[in-house]
Amino acid sequence: MSVADTVIVLWGWRRIGLALVAGAISALAFPPFNAAPVLLVTIPVFIWLIDGSVTPERAFALRRLLPAAAIGWWFGFGFFLGGLWWIGAAFLVDADEFAWLMPVAVIALPAGLALFWAFGAALARMFWSDGWPRILVFAVAMTIAEWLRGHLLGGFPWNAVGYAVMPLPVLMQGAALIGLWGMTLIAFLVFSLPALVIGGSRRDRGGRYALLTVIVLLLVADVGYGTIRLHRAEDAFVPDVRFRLVQPAINQSEKWQKGRAEEIFNRLLDTSRISLVAGRSGLTGITHVVWPESSIPFLLTENPDALRAIADLLPSGSTLIAGAVRATPPDPATARRQFFNAIYVINDDGVIRDAYDKVHLVPFGEYLPFQATLESWGIRQLTRLPGGFSAGASRRNVPLANAPAFAPLICYEAIFPGEVIGPGERPGFLLNVTNDAWYGNTPGPAQHLRLAQLRAIEEGLPLVRAANNGISAIVDPYGRILSSLALGTSGVIEGELPVALPPTLYESQGERPFLGLLLFAAVAAVFGRFSLRSRNN
């Protein structure tokens, strides 16, 4: 009995256990482990488990899909639990208040996301067949499930399977053509290869070899395109622009403690002044300083002394870009205020020249869905603000003095493909400020950097990224990390701003190339299914 047959005939708790374990092991394919080859084992196991998801022929149509949906859910639950367990660390920052919610969050989020994989497995089973066409059906159905996960209910495309097939810049370049979702389709095809070549009858040998050839050619084309693109890459930089990214590594549990605001602000100032070259003032030659998300531990507009301190910090002609909380004046009738997770642009006179408010807020972290109901149950968002944050009006690009305009991305705004650039003139770079200190020394910050890295490639724009405790980095428009600061390290990095590339195919065409590829795969699956059926008859 082959390994495929052994998996197919499993029943009961053994099927469930194998799906759960295989899903959990699959999470090793993502940063910081980057063990993508594990998916060459776990994805075929997933396919073979769907092969064995059968019901009596007399069962009604929906009932026939339930075994496959169950396998999809258990595999997905293991996958998301293994890849997102670190989210629980945020509930330990204020452990006295939130620790009791940690098990709920760590289990509830993977359980909810696993519904998308249950849907994908059920959709695949609906059009399942023996032989090679089921590989195409599986890849199409699961890609649709991942796309839906990235868009429905606000979307959460964290650790989409496409990222696993792109651990190195040479493998990432295809995202400039077909984006994350196109690479996700290719990833499912590539990682399904063992299920294509193991088993099968002689009758479908020709189809199997043909599909194997196509998948290998897709992989070779991706590697070839990436190699050529990187070989032709020019290391060009915007003249007279030099960034300094400040990573203060302030513990999240200390950040909003009473009486410590001045100390934390002074730490930001002192870290910004660190000299990297003996005998040279730290900010000599720096045109733009970047502080991470919510770095300033008070309302900056109500602290003129802080603005004067910023003016004293900055050399003539330089600019500070800082993450901070912004508040509206109190409402005259209710005395209530709105709070925004914002980015300030401040000149060398200590004058705030511009501000951008975060549009895509984190549910339960920055606001509560169904707030009144959940607060009546004793649940509130993790941020210590009455009513949580309000969302900004719209995405927009922010102009800068003596540098190109930038597309602001606060925290996880950087994880959404195709949603990082505002309307109007194309910006010169992406600027991502984040506060991954919520998650400590876990895989979360490394995964977050990878997601932001792919946005640079998709848009053909360099990325400037400042994180509170890491990983801060300057990334060129090919996704190559030019400089970075390790997780948990306090310090600064500095560097020039790479020149933006012309608009990529993905930026100009959006998801059309991906949808064309998906449609082609779906048509090929249908054609193969009918061809194989007619041959067997």
Residues located in the range 449-484, provided they are farther than 21 Å from residue 499 by Cβ and surrounded by fewer than 24 Cβ atoms within 10 Å (Cβ to Cβ): 450, 451
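Conditions (1) over 14 Å from residue 290 (Cα atoms); (2) part of a strand (DSSP E or B); (3) in contact with a Ser or Thr (Cβ under 9 Å, 6 or more places away or on another chain); (4) not assigned by TED's automatic domain parsing to the domain that holds residue 436, marked per residue:
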site: 322; (1), (2), (3), (4): no, yes, yes, no
site: 334; (1), (2), (3), (4): yes, no, no, no
site: 345; (1), (2), (3), (4): no, yes, yes, no
site: 359; (1), (2), (3), (4): yes, no, yes, no
Exactly one condition in (1) in contact with a Leu (Cβ under 7 Å, 6 or more places away or on another chain); (2) over 25 Å from residue 478 (Cβ atoms); (3) not in a helix (DSSP H, G or I) is false for residue 204; which is it? (3)
Residue check: is residue 519 of a type outside the set (Gly, Ala, Ser), over 30 Å from residue 284 (Cβ atoms) and surrounded by fewer than 21 Cβ atoms within 10 Å (Cβ to Cβ)? yes
Residues of the range 113-133 satisfying the condition of being surrounded by fewer than 24 Cβ atoms within 10 Å (Cβ to Cβ) and modelled with pLDDT under 95: 126, 127, 128, 129, 130, 131
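Listed here are the residues, each with its yes/no results for (1) within 28 Å of the chain's Cα centre (by Cα); (2) in a strand (DSSP E or B); (3) over 25 Å from residue 308 (Cβ atoms).
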{"residue": "234", "(1), (2), (3)": "yes, no, yes"}
{"residue": "243", "(1), (2), (3)": "yes, yes, no"}
{"residue": "265", "(1), (2), (3)": "no, no, no"}
{"residue": "281", "(1), (2), (3)": "no, no, no"}
{"residue": "285", "(1), (2), (3)": "no, no, no"}
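Yes or no, residue by residue, for (1) in a helix (DSSP H, G or I); (2) closer than 26 Å to residue 532 by Cβ:
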{"site": "148", "(1), (2)": "yes, no"}
{"site": "159", "(1), (2)": "no, no"}
{"site": "162", "(1), (2)": "yes, no"}
{"site": "180", "(1), (2)": "yes, no"}
{"site": "190", "(1), (2)": "yes, yes"}
{"site": "211", "(1), (2)": "yes, yes"}
Where the second residue is hydroxyl-bearing (Ser, Thr, Tyr) and the first is modelled with pLDDT of 90 or more and lies in the range 35-61, which pairs have Cβ atoms under 8 Å and are six or more apart or on separate chains? 38/26; 39/26; 42/26; 43/26; 43/192; 44/192; 47/192
Just the residues that are aromatic (Phe, Trp, Tyr) and crowded, with 20+ Cβ neighbours inside 10 Å, please, taken from the range 60-84. 73, 74, 75, 77, 79, 80
Conditions first: (1) in contact with a Pro (Cβ under 7 Å, 6 or more places away or on another chain); (2) among the small types (Gly, Ala, Ser); (3) not in a helix (DSSP H, G or I). Residue 456 passes all but one, so which condition is the exception? (3)
Do we find that residue 404 is modelled with pLDDT of 95 or more, on the phi < 0 side of the Ramachandran plot and not in a helix (DSSP H, G or I) in this structure? yes
Can you give me the number of residues within the range 178-206 that are closer than 23 Å to residue 514 by Cα and surrounded by fewer than 20 Cβ atoms within 10 Å (Cβ to Cβ)? 1
Of the conditions (1) part of a loop (DSSP other than H, G, I, E, B); (2) at negative phi, residue 305 satisfies every one except a single condition; which number is it? (1)
Could you tell me which of the residues 273, 337 is without any contact (Cβ under 8 Å) to a residue 40 or more places away in the chain and of a type in the set (Lys, Arg)? 337
Evaluate the following for residue 84: is it among the aliphatic types (A, V, I, L, M), under 28 Å from the mean Cα position of the chain (by Cα) and modelled with pLDDT of 90 or more? yes
If residue 217 passes every condition in (1) in the same structural domain as residue 313 (by TED's automatic domain parsing); (2) loosely packed, with under 13 Cβ neighbours inside 10 Å; (3) under 32 Å from the mean Cα position of the chain (by Cα) but one, which one does it miss? (1)
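The values are calculated or read from the model by the stated rules, or taken from the named source; none is laboratory data. Computed from a prediction, not measured in an experiment: that's the story for all the values here. Reconstructed Cβ throughout: ideal geometry from the backbone, glycine too, with neighbour counts over all protein chains shown.
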